[in-house]
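*Asks:* Here you go, one structure.
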Amino acid sequence: MRKMLTIISNVLRGSASRNGAELVSESSTLRAVLQLLAVQSEYANLTYPHDHDLDPPSLLKDTQPLSPSVEYKALGSGQSSGDSGPHDRPLTDVASSEAIAQKESYVEPVMTSGSSTSEELSMVTLVKERISEREKNIFEKIISPVIDVPPSPALNTGARVVVSARTYADFTPQATFDIKKCDLHKLDEGPPLQAVLSREEGLQYYRTMQTMRRMELKADQLYKQKIIRGFCHLYDGQEACAVGIEAGINLSDHLITAYRAHGYTLTRGGTVREIMAELTGRRGGIAKGKGGSMHMYTKHFYGGNGIVGAQVPLGAGVALACKYLGKNELCVCLYGDGAANQGQIFETYNMASLWKLPCIFICENNKYGMGTSVERAAASTDYYKRGDFIPGLRVDGMDVLCVREATKLAAEHCRSGKGPILMELQTYRYHGHSMSDPGVSYRTRDEIQEVRSKSDPISMLKDRMLSNNMASVEELKEIDVEVRKEIEDAAQFATTDPEPPLDDLCNHIFYNDPPMEVRGTNPWTKLKSVS
């Protein structure tokens, strides 16, 4: 029963892909599945042979396997004639509804029956009558075409389902997907319109994005419990940007961003434990508990910067260092649509272009600068053209593959000595600007829900992998369980790890010993709490 629910859910979800199909909600899916299961027994009875000379229980002994690699199970019975499949693996215990689901996924079920076509059709009618108007559209598009299979008179009596045993070798190792065309500025050629994704890459992208999503939701929970204090800007909804960018550059490249930095801290090599402990100001945090949400750092990652737009000229300085040292490296410099009108950004454009710095300027356009929509804040919302003399491209920031391919093109542009390039990632944040912003005073809940249902980056990747047999629902659920456990363990650590001692406050100000005595920065000054 559990497998049946899982496989049918796989069909419904896999059929509701982003390309043209209407998304199916979880509640509708469960209702449709439960109603299908309710009539399974009637379906089994309808498909029994109608030779009254046969004793129905004898049918259980009459099923002979055609091949050692398949299993045959009489519908409505509790026994199967096959014990094992190829590679000595247990065969799948399936029922009629599972065969329905298998047609849309990785197995081609063959239904055979001694019953008449009219009886098969009457069963379909029975199922339709059991389903409410709300699920009827789902049934007509997905379930009905699979059930309504005419029986083959050439095969034996007894309603049986043939299902191959599944191994990891059955998964598609690689698939090609169409991606959205990018808008270009001063570029002769943009990223390809198709992206190749391997199974390993897909699983890694899925795990990382799920980790980001769960980590941000846990941070939201801890903030509301007043365990996390101060400024906190969440990144859920924008996961495809961080994962896609990281997939398009090298770990030896450099990256600097603004205060919405949790996701990038993770992709740059930080751990969930270090990030969560930093959010709670604990000694085990990635900045020793001194930086908090906006100031996290790791190797080749320069934060986390609290001043709007100030990280852009800093990023150009990092790119200058890459060029000066003769390294084949680049710097990714991120900012939001709210910071895009800052004067220092345009000054940096000019300097980076003059000096041909290997810098990728990326504007994460999530539609709102704090509570102000881009249309109200900018005379021109074509942020990818803001560089004027710098080439640019506008990218679907909700599609991890689109972001990856665009970043690869931008990185190649910089490494070839052509100077900086500008990218605009069209994305969306689900939470408000910060924890003090409920996020619904300047936009509607329906708007947020529409983006979630149509453009969610995690759901999009999941649908692609399932519909192309690159993963199973069970496998992705296992990842979800592992991610949840990792987040819970990190949250436990972040709430039990001790805070840094007060006399550690003046440490880590200088890279090495201070060159001179500076008031208030002497690392040997012992501070004592008077509270």
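The values are calculated or read from the model by the stated rules, or taken from the named source; none is laboratory data. Keep in mind that what you see is a predicted model, and the values were worked out from it rather than measured. All Cβ positions, even for glycine, are placed from backbone atoms using ideal geometry, and neighbour counts span all protein chains on display. Note: accessible area is taken over every heavy atom of the protein model, side chains too, but ligands, DNA and RNA are not part of it. Shrake-Rupley method; radii C 1.70, N 1.55, O 1.52, S 1.80 Å.
*Asks:* Counting Lys and Arg as +1 and Asp and Glu as -1, what is the net charge of the other residues whose Cβ lies under 11 Å from the Cβ of Ala377?
*Replies:* 0
*Asks:* Using a 1.4 angstrom probe on heavy atoms only, work out the carbon and sulfur share of the accessible area of region 181-501 in %.
*Replies:* 50 percent
*Asks:* Report Rg (one decimal) and Dmax (nearest whole number) for region 329-381, counting Cα atoms only, units Å.
*Replies:* Rg and Dmax of region 329-381, Cα atoms, are 12.4, 37 Å.
*Asks:* Can you give the Kirkwood hydrodynamic radius of region 261-364 from its Cα pairs, in Å with one decimal?
*Replies:* 14.4 Å
*Asks:* Round to the nearest 10 and report in Å² the accessible area of Asp183, as given by a 1.4 Å probe over the protein chains' heavy atoms.
*Replies:* 70 Å²
*Asks:* Calculate one ³J(HN,Hα) per residue across region 217-232 by plugging θ = phi - 60° into the Karplus curve 6.51 cos²θ - 1.76 cosθ + 1.60, and present them in order as whole Hz with x for glycine and proline.
*Replies:* Going residue by residue, I get 5, 5, 4, 4, 5, 5, 5, 5, 8, 6, 8, 9, 10, x, 6, 7 Hz, with x marking Gly and Pro.
*Asks:* Take Thr172 and Thr381, extend 7 Å from each Cα along the Cα→Cβ direction, and tell me the distance between the two endpoints in nm.
*Replies:* For Thr172 paired with Thr381, the spin-label model returns 3.5 nm.
*Asks:* Separation between the Asp489 and Ser252 pseudo-spin-labels, each 7 Å from Cα along Cα→Cβ, expressed in nm?
*Replies:* Between Asp489 and Ser252, the label points sit 3.2 nm apart.
*Asks:* Quick check: Cα centre of region 177-195 to Cα centre of region 346-415, how many Å?
*Replies:* Each part reduced to its Cα centre gives a spacing of 15 Å.
*Asks:* Eigenvalues of the Cα gyration tensor times 5, then square-rooted: what semi-axes does that give for region 372-506, in whole angstrom, largest first?
*Replies:* After scaling each eigenvalue by five and taking roots: 31, 26, 22 Å.
*Asks:* Can you give me the long-range amide H partners of Ile228? Hydrogens built in the peptide plane at 1.01 Å from N, cutoff under 5 Å, separation of 5 or more residues or another chain.
*Replies:* Those lying under 5 Å, H to H, from Ile228 are Tyr223.
*Asks:* With a Förster radius of 56 Å, plug the Cβ-Cβ distance of Phe346 and Asp503 into 1/(1 + (r/R0)^6) and report the FRET value to the nearest 0.05.
*Replies:* Plugging the Cβ-Cβ distance into 1/(1 + (r/R0)^6) gives 0.80.
*Asks:* Now, a different point. Which whole number in µm²/s is D for region 181-501 by Stokes-Einstein, with the Kirkwood Rh taken over Cα pairs at 10 °C and 1.306 mPa s?
*Replies:* Taking Rh from Cα pairs, D becomes 80 µm²/s.
*Asks:* Find the accessible area per residue for region 181-501; the probe is 1.4 Å, ligands and nucleic acids are left out, and the unit is Å².
*Replies:* Each residue of region 181-501 exposes 40 Å² on average to a 1.4 Å probe.
*Asks:* How much length is gained if the chain between Asp188 and Arg415 is pulled fully straight, taking 0.36 nm per residue apart and subtracting their Cα-Cα distance, in nm to one decimal?
*Replies:* 80.0 nm
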